[in-house]
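One structure is given below, encoded as structure tokens.
The values are calculated or read from the model by the stated rules, or taken from the named source; none is laboratory data. Just so it is clear, the structure is predicted and the values come from calculations on it, not from any experiment. No Cβ is skipped: glycine too gets one built from the backbone with ideal geometry, and neighbour counts run over all protein chains shown. When the accessible area is computed, the model is the full protein with side chains, heavy atoms only, and any ligands, DNA or RNA have been set aside. Shrake-Rupley method; radii C 1.70, N 1.55, O 1.52, S 1.80 Å.
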Amino acid sequence: MSSHVRHITIDCADAYELATFWAEVLGTQVSDEDAPGDPEALVEAPGAALLFISVPEPKSTKNRLHLDIQPDDRTRDEEVERLLALGATMAGDHRKPNGRGWATLADPEGNEFCVECGAAERARLTGSRLPVTADDVTAAVRLAVDALGESATDNWRVPAGSLDWDCWETVEHLSDDLFAYAVQLGPRTPPVESEVPYRWAPEREGGPWNAVFADPEAGTAGLLQTLEASGALLSAMVRTASPAVRSYHSYGVSDPEGFAAMGIVETLVHTHDVAEGLGITWSPPAALCDRVLARLFPDAPADEDRWTVLLWSTGRAGLPGRERVTSWRWQGAPLG
């Protein structure tokens with residue numbers, strides 16, 4: 001048995017006003033149940049829940065507990081400037097000329113917090129690989145669902161690109177892949193010699209072997225809903241599983257990051273297949289392609305367009321001066 005942290009609670013003079021500042025910092029909103037003048041105000045964001053409580057006592061000394069934050073989509077220095085504009089003040093500048101270090105700021109009531117480099121900036125500074133995350137899984141699946149949802153045709157029984165399956169079957173197969181990767185991480189003792197024993201079977205000779213099928217009566221909207229649901233399962237498992245977890249895959253035992261990367265590759269390339277069949281455009285973000293290439297295809301060419309390289313690595317496109325890939329597999333084993 002154990003406990004978990006529900007909130008980080010911060011005493012302050014004006015709960016709602018300080019909560020509003022922190023909601024801006026974290027890119028979220030103050031709870032709809034709170035209003036100016038309330039004695040408490042709640043701010044919830046991914047990975048953090050801050051509860052502000054108005055108290056009569058003023059802050060008198062340096063906090064023994066403080067928050068460290070990292071920007072998601074900008075540099076540390078850009079984030080420092082943004083937060084200063086929001087009303088923070090500089091309490092201590094520990095940034096170094098080589099880009100390392102941090103800045104200690106104080107919020108409008110003087111509570112200290114530190115701003116560090118985000119994951120992408122840290123990777124650039126250290127020359128290390130940027131990891132594949134649960135958020136990447138969510139982003140990939142949502143991009144795929146949104147792109148496929150733009151199709152103007154109701155006939156998804158046309159061939160999916162060069163595959164032997166039609167577009168409907170391919171999306172079902174993708175949903176099944178994401179589900180299968182999620183459940184490999186689910187047991188308390190994940191299997192390392194076999195798959196979790198669900199029953200997989202095709203609906204027709206030559207069709208994909210799935211445990212997950214969409215109800216045809218729900219139409220393509222329902223089909224895409226199953227895809228998004230399976231993606232959410234994988235994202236949740238990657239987010240909550242210990243990095244030390246290992247589980248079976250037919251290409252070798254892998255870790256949560258490996259299963260995340262596999263799910264993203266499946267999503268990107270099978271959406272490509274379906275988009276070809278439906279006659280719609282599909283071009284995922286280069287940075288996302290780069291992260292999964294670095295994780296699963298570390299020997300792939302580094303000097304070409306990242307999406308084209310991923311298509312080439314999975315046998316779906318050519319690269320100038322290189323032979324077309326006709327047989328491929330990724331490297332799912334955890335990287336050192």
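In square angstrom, rounded to the nearest 10, how much accessible surface does S162 have for a 1.4 Å probe?
100
Round to the nearest 10 and give me the degree value, 0 to 90, for the angle of helix 167-184's Cα axis relative to the longest principal axis of the chain.
So the inclination is approximately 50 degrees.
Between the range 295-336 and the range 138-217, how many Å separate their Cα centres?
Cα centroid of the range 295-336 versus Cα centroid of the range 138-217: 22 Å apart.
What's the angle, to the nearest 10 degrees (0 to 90), between helix 15-26's Cα axis and the longest principal axis of the chain?
Orientation of helix 15-26: about 40 degrees from the principal axis.
Using R₀ = 35 Å, calculate the FRET efficiency as 1/(1 + (r/R₀)^6) where r is the Cβ-Cβ separation of L335 and N63; round to 0.05.
The calculated FRET efficiency here is 0.40.
How do M90, M262, M237 rank by accessible surface area computed with a 1.4 Å probe, from largest to smallest?
Numbers: M90 75, M262 0, M237 50 Å².
Largest accessible area first, the residues go M90, M237, M262.
Could you compute the FRET efficiency for R74 and E304, with r as their C-beta to C-beta distance and R0 at 35 Å, rounded to 0.05?
0.80
Please give the helix 134-148 orientation as an angle from the longest Cα principal axis of the chain, in degrees from 0 to 90, rounded to the nearest 10.
That helix lies at roughly 50 degrees to the long axis.
Could you state how much accessible area K59 has, in square angstrom rounded to the nearest 10, with a 1.4 Å probe and all protein chains kept in place?
Surface open to solvent at K59 totals about 80 Å².
How many Å³ per residue does the convex hull of the Cα positions in the range 60-138 occupy?
Details: hull volume 9.0 nm³, N = 79.
Normalising the Cα hull of the range 60-138 by residue number yields 113 Å³.
If you take every DSSP beta bridge whose two residues both sit in the chain, what share of them, in percent to the nearest 5, is antiparallel?
Once the DSSP bridges in the chain are tallied, antiparallel ones form about 70 percent.
Taking the full set of protein chains and a 1.4 angstrom probe, give the accessible area of V245 in square angstrom, rounded to the nearest 10.
It works out to around 30 Å².
Can you give the extra length, in nm with one decimal, that the chain gains between E33 and E217 once fully stretched, where that is 0.36 nm per residue apart less the Cα-Cα distance? Don't jump to the answer; show the numbers that get you there.
Working: separation 184, 0.36 × 184 = 66.24 nm, distance 3.95 nm.
Full-extension gain reported as 62.3 nm.
Taking 0.36 nm per intervening residue step and subtracting the Cα-Cα distance, what contour gain separates D164 from E112 on full extension? Don't skip to the answer; put the middle values down first.
On the way: separation 52, 0.36 × 52 = 18.72 nm, distance 5.92 nm.
The span from D164 to E112 would gain 12.8 nm if fully extended.
Calculate the FRET efficiency for T126 and E205 from the Cβ-Cβ distance with a Förster distance of 35 Å, rounded to the nearest 0.05. Spell out each step's value before the answer.
Numbers: r = 52 Å, r/R0 = 1.48.
According to the calculation, E is roughly 0.10.
Do you know the relative contact order of the chain, to the nearest whole percent, from alpha carbon pairs under 8 angstrom that are 6+ apart?
Result for the chain is 14 percent.
Just want to confirm a number: the relative contact order over the range 12-157, from Cα pairs under 8 angstrom separated by 6+ residues, in percent.
Normalised by residue count, the contact order of the range 12-157 is 18 percent.
If one computes P(r) from the Cα atoms of the chain, what percent of pairs lie at distances over 32 Å?
43
Taking only protein heavy atoms into account and a 1.4 Å probe, give the accessible area per residue of the range 154-275 in Å².
That works out to 46 Å² for each residue.
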